[in-house]
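To keep things clear, I will list the structure first and then write my remarks on it.
The values are calculated or read from the model by the stated rules, or taken from the named source; none is laboratory data. Remember, it's a predicted structure, so these values are computed and weren't measured experimentally. Please note: Cβ atoms are built from the backbone with ideal geometry, for glycine as well, and neighbour counts cover all protein chains shown. Note: areas computed on protein heavy atoms with side chains; ligands, DNA, RNA excluded. Shrake-Rupley method; radii C 1.70, N 1.55, O 1.52, S 1.80 Å.
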Amino acid sequence: MSIENTFWRWAVALWRSSELESQLLQLQDSHGLVVLELLFAAWLGDRGVKIAEPDRRALQSACDCWVKGVVIPLREQRKQWADDRETQSCRDAIKTLELQAEKKLSERLVAVAQEQGLLRALHAGVDGPDEARVEEAMRHNITCILRAVRPPINESAAITLSRLVASIAHTNGKN
């Protein structure tokens, strides 16, 4: 399975948690968080990969134009039609397009991570990192992303969120 598909499946599995979905959507609405960017950083952390500030900026840059130009307009139109029965089929079509746009964004994030050299250990087939390293990398990466949103999110919220993501990822890994 390609890295793009591996990440996408991991993100979709996490998204099935209503608690995580609720928290991430709240952060998206209140802080402009790009949910998939945060999930990608968490996924890297789940593999023991810590991102540095230049990596975060490169990931953000990969997201910005696509999210602002494609994802957000689709999302806004879908929301405008949420309560209108006459536009339900159009709304469903937009929801499908929005999901396809998010999947394309996941491919862009993987491409940037490859350019930044973040995926070398994954390509080399290196044994997985120990649990403590994974926990630290995931907390670090999530904190890095949350610090960059406006207004920034404090570290204690980042720690709480990273624990939730790690718990769900761990549970999904067992299934």
*Yes or no: Trp8 aromatic (Phe, Trp, Tyr), open to solvent by 20 Å² or more (accessible area, probe 1.4 Å) and on the phi < 0 side of the Ramachandran plot?*
yes
*Does Pro73 satisfy the condition of being outside any helix (DSSP H, G or I) and of a type outside the set (A, V, I, L, M, F, W, C)?*
no
*So which residues in the range 15-37 are in contact (Cβ under 8 Å) with a residue 12 or more places away in the chain, farther than 17 Å from Asn154 by Cα and over 10 Å from the mean Cα position of the chain (by Cα)?*
Ser17, Glu19, Leu20
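Do we have any residue at all in the range 81-90 that's touching a residue at least 12 places away in the same chain (Cβ under 8 Å) and not basic (Lys, Arg)?
yes
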*Name the helices (runs of 4 or more DSSP H) wholly within the range 77-174 that hold at least 1 residues that are at pLDDT below 90 and of a type in the set (D, E, K, R)?*
120-123, 131-148, 155-174
*asked:* Quick check on my filter: what residues within the range 141-175 are buried (at least 18 other Cβ atoms within 10 Å of the Cβ) and of a type in the set (S, T, N, Q)?
replied: Asn141, Thr143, Ser162
_Sole exception among (1) in contact (Cβ under 8 Å) with a residue 40 or more places away in the chain; (2) exposed (fewer than 15 other Cβ atoms within 10 Å of the Cβ) for Lys68, by number_ = (1)
*Report yes if Ser2 is under 18 Å from Leu118 (Cβ atoms), open to solvent by 50 Å² or more (accessible area, probe 1.4 Å) and touching a helix residue (DSSP H, G or I) at 6+ places or on another chain (Cβ under 9 Å), otherwise no.*
no
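Which residues, taken from the range 36-55, are surrounded by fewer than 20 Cβ atoms within 10 Å (Cβ to Cβ) and closer than 20 Å to Trp10 by Cα? Before the answer, list the steps.
Just the residues of the range 36-55 that are surrounded by fewer than 20 Cβ atoms within 10 Å (Cβ to Cβ), to begin with: 50, 52-54.
Within the range 36-55, just Lys50 meets the criteria.
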*Kindly indicate the residue of the range 81-99 that is touching a Leu at 6+ places or on another chain (Cβ under 9 Å) and open to solvent by 60 Å² or more (accessible area, probe 1.4 Å) and also nearest to Val70 (Cα to Cα) among those meeting that condition.*
Leu97
